[in-house]
1. Does G191 meet the test of being within 13 Å of the ligand (Cβ to nearest atom) and under 21 Å from L100 (Cα atoms)?
2. Give the residue, chosen from D146, D126, that is more than 12 Å from the ligand (Cβ to nearest atom), part of a helix (DSSP H, G or I) and either loosely packed, with under 15 Cβ neighbours inside 10 Å or not assigned by TED's automatic domain parsing to the domain that holds L268 (or both).
3. Strands (runs of 3 or more DSSP E) wholly in region 1-75 with at least 3 residues that are on the phi < 0 side of the Ramachandran plot and within 16 Å of the ligand (Cβ to nearest atom) - which ones?
4. Quick one: count up the residues across region 129-143 that are open to solvent by 50 Å² or more (accessible area, probe 1.4 Å), in contact (Cβ under 8 Å) with a residue 60 or more places away in the chain and either within 16 Å of the ligand (Cβ to nearest atom) or outside the structural domain of V71 (by TED's automatic domain parsing) (or both).
5. Please work out which one of (1) within 15 Å of the ligand (Cβ to nearest atom); (2) open to solvent by less than 50 Å² (accessible area, probe 1.4 Å); (3) within 22 Å of the chain's Cα centre (by Cα) is the condition R242 fails and give its number.
6. Among the residues of region 34-42, is there at least one that is surrounded by 15 or more Cβ atoms within 10 Å (Cβ to Cβ), under 30 Å from A196 (Cα atoms) and in contact with a Ser or Thr (Cβ under 9 Å, 6 or more places away or on another chain)?
7. Give all pairs with beta carbons closer than 9 Å in which a residue from region 268-285 that is under 21 Å from A17 (Cβ atoms) and in the same structural domain as E243 (by TED's automatic domain parsing) meets a residue that is within 12 Å of the ligand (Cβ to nearest atom) and among the basic types (K, R); count only pairs at least 6 apart in sequence or on separate chains.
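The values are calculated or read from the model by the stated rules, or taken from the named source; none is laboratory data. Since this is a predicted model, take the numbers as computed values, not measurements. Backbone-built Cβ (ideal geometry, glycine too); neighbour counts: all protein chains shown. SASA here: full protein model, heavy atoms, side chains in, ligands and nucleic acids out. Shrake-Rupley method; radii C 1.70, N 1.55, O 1.52, S 1.80 Å.
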Amino acid sequence: MLAATAPGKAILFGEHAVVYGRPALAVPVTQVQATATLAPGSNGFWIDAPDLGRRYQLDTSDPGDPLAAAVALVAERAGGQPLPPAVLRVTSTIPIASGLGSGAAVATAVVRVLDAWLHLGLEPADISALVFETEKLLHGTPSGIDNTVIAFGQPVHFIKGHPPEPIHPARPFQLLIGDTGRPSPTKVTVGDVRAAFERDPERLSRLFDEIGAIAAGARREIESGQPEALGPLMTQNHALLRELGVSSVELDALVDRACAAGAGGAKLSGGGRGGNMLALVDDDSMGPVKGALLAAGALRVIATRVE
Ligand code: PMV
């Protein structure tokens, strides 16, 4: 049997401003992952997705099914021959619809296991491009940040419409990801920011410029081995996101409590209003900050190391 995995992801800096052409940084979250296994079968090609309670044959899948789409794209890449009989099993520990990239991670794990099975020798950029096709089925107009950060498995610097650039931290750093437990409809906050931008383009452009400058500065700190400098940048980015109107009482409380408990800085991550926040921690502050987040109402706290 063959197996492959792919991590989750979090946006570290630049959400919302990235929609308006400013840079953003995203990091893989390796402590949660999607897994795809492939075992030889006897009767056609089956997809088994126990987390979704589904088991179905590739030939009979729905036209918009993202798992079947990932399989079909790789099969086409392999020359378009019918696939030998097999069972592809997909599982994931990444919370669904929480901004942690579960869809792109599942597709990446599928592409990787099929790549190994069919001996295609795909590079991360090829995998990212195939997963981007499946993301389009799910999200319509994805920016491409999720498939890139997940397929490369390393932090990326991303500007809409430009090839994303993987970045290499000179020193590793640790984050805690606190979930407010409130579903985060990214479409709604993106729409609200659009309405605010149309009302007052000058003010919003200034906020986007400040956020973009923070993301650019953060990249330099990561690449030059000063990750502790990210803390104040995170807290500044959060203040600007509050001004954009995409924070919430819950997110502000988690950010404030994380900082009071010793985090180097903290911010909301992703669309906002609900979903997740990030706190920069070290070995000493990790325990107290995790305790403070849970005491302040976080549904779950994931620790991850970025390297
Ligand atoms: O909630 P997530 O992780 O899908 O991130 C949304 C990021 C936004 O900048 C708000 C929207 C976007 O398309 O980039």
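1. Details: within 13 Å of the ligand (Cβ to nearest atom): yes; under 21 Å from L100 (Cα atoms): yes.
In short, yes.
2. Sole residue among the options that is more than 12 Å from the ligand (Cβ to nearest atom), part of a helix (DSSP H, G or I) and either loosely packed, with under 15 Cβ neighbours inside 10 Å or not assigned by TED's automatic domain parsing to the domain that holds L268 (or both): D126.
3. Here the list reads 2-13, 24-40.
4. 3
5. With (1) within 15 Å of the ligand (Cβ to nearest atom); (2) open to solvent by less than 50 Å² (accessible area, probe 1.4 Å); (3) within 22 Å of the chain's Cα centre (by Cα) applied to R242, the lone miss is (2).
6. No, region 34-42 contains no residue that is surrounded by 15 or more Cβ atoms within 10 Å (Cβ to Cβ), under 30 Å from A196 (Cα atoms) and in contact with a Ser or Thr (Cβ under 9 Å, 6 or more places away or on another chain).
7. Filtered contacts from region 268-285: G271/K187.
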